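We did not get these values from a lab; they are worked out from the coordinates using the rules stated. Quick caveat, the model's predicted, so the values are computed rather than measured. Ideal geometry is used to build each Cβ from the backbone, glycine not excepted, and the neighbour counts take in all protein chains shown.
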Amino acid sequence: MVIYCGTMLAAVFLGWRLQVIKCSQQIGQKKTFRFWLTLFFLLSLLGSVVGLRKFVGTDYGNYTDIYLVMQNKTYAKIAEEQEFLFGFLNRFCFDQFDSYIPVFAISGFVSVGLILYGICKASSTDWLSLFLLFGGMYYFDLFNGMRQMIATAIMFAAYPLVPQKKWFPLILLTLVASGFHASALIILLVFIFAAYVRPDGVMMCITVAAFFAAFLFYNEFVEQLINTMNSSGSIYAHYEDMLSVENQGANILRFGLAAVPPIFGFYAWRNLRQQRPDAGILLNISIVNAMFMLLATRHWIFARFCMFFGIYNILLWPEIIKCFEPKSKRFLTTGVILVYFVYFCLIVHTDSNLLPYQSWAFGGTYA
């Protein structure tokens, strides 16, 4: 917990420095150097904590097993698989280092670097986005869904292309992301949906109603979902047994937190859409995230989709807060910080094998 809190505070401070440098009137090489130096420190800090962890995270054992399997496969054989890029990474690390530790390090630093790029390009308040990255537990998804978060980070860095509707490069990047996690296609589909649908329109109302219907009639929904996966030969058909197990819902707090940004977004919608042209896209993604988290209260497996979409709330919240008057803005900012920090403190102790923290590099266990 000490490591996580210290990293959060340092990241917020460095994010504030980035904000100051970006907003300063100074131009030229000195400003550029200060910006890149601050970004380097930020990448080194966040990348080291996630990339050099030791037996931390629920999926750690799964990825060491993947490494052991891939070291016995040729590149040609790996190329035939659906998530071949992650296979290539494992095989490369075996050939060059004879260790799985670089797999975690490379994945961590690359994912963090892409997320930081996305924040620098798309966030209006870098320090708040970095705080929310921790407070919303999005940073800790890197500890538990490494392949999925590489894909998420690629698409997050590509988000500025969405308001411009540059679908061809987005399709290419989706293909790259799917080489790490096959379900990355769903991000592109939600991007397209979010770019063309009004948050307050009929289509969004129908979508929300469909999710609520799936929540209310969950057993029938799951039965139909399993039949669809089996009949289509989906690679996720093996989740049938898992989905059939009852009382596997995610913590209701997670849905509560996911529902708050859309609520505030609609409250401030009149100012929000005038303030930022892509506000509707961010709000739509946030709604989709909340709906998947609603289903996750029935079964945690649906929370895996939220790893794709929840991270966009770190871009949406700063825009929502900017819609309010100065006094209300300070109050709301303080409230958001307190709520997310309390949520972080509650979840990090119980979720995903995050404590105690250990690192190959730092040499120790931290409570």
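Between Glu220 and Phe193, take the C-beta separation as r, use R0 = 22 Å, and let me know the FRET efficiency to the nearest 0.05. Walk me through the intermediate numbers first.
Details: r = 24 Å, r/R0 = 1.10.
Efficiency, rounded to the nearest 0.05: 0.35.
Dipole size in debye (nearest 20) for the range 246-367 around its Cα centre, Lys and Arg Cβ +1, Asp and Glu Cβ -1?
With only Lys, Arg, Asp and Glu charged at Cβ, the dipole is about 380 debye.
For His299, what residues show an amide H to amide H distance below 5 Å, using hydrogens built from the backbone and excluding near sequence neighbours?
Residues meeting the amide H criterion: Ala250.
Any idea what the relative contact order of the chain is, in percent, if you count C-alpha pairs under 8 Å spaced at least 6 apart?
For the chain, the relative contact order is 22 percent.
Pick out, in residue order, every one of the trypsin sites (Lys or Arg not before Pro) in the range 303-357 that is DSSP loop and has at most 10 other C-beta atoms within 10 Å; say none if there are none.
In loop regions of the range 303-357 (DSSP not H, G, I, E or B), there are no sparsely surrounded trypsin sites (Lys or Arg not before Pro).
Give the shape of the chain as rounded, prolate or oblate, defined through the alpha-carbon gyration tensor: a ≥ b ≥ c are the square roots of its eigenvalues, a/c under 1.5 means rounded, and otherwise the shape is prolate if a/b is larger than b/c and oblate if not.
rounded
Build a GNM of the chain with springs between Cα atoms under 10 Å: which of Leu175, Leu133, Leu346 gets the top mean-square fluctuation?
Leu346
Name the shape class, rounded, prolate or oblate, that the alpha-carbon gyration tensor gives for the range 168-229, where a ≥ b ≥ c are the square roots of its eigenvalues, rounded holds for a/c under 1.5, and otherwise prolate holds if a/b is larger than b/c and oblate otherwise.
It comes out oblate by the Cα gyration axes.
Using helices alone, what [θ] at 222 nm do you get for the chain, with -39,500 (n - 2.57) per DSSP H run of 4 or more residues, divided over all residues and rounded to the nearest 500? Show your work: numbers first, answer last.
Values: 19 runs with 259 residues, N = 367.
Mean residue ellipticity, 222 nm, calculated: -22500 deg cm²/dmol.
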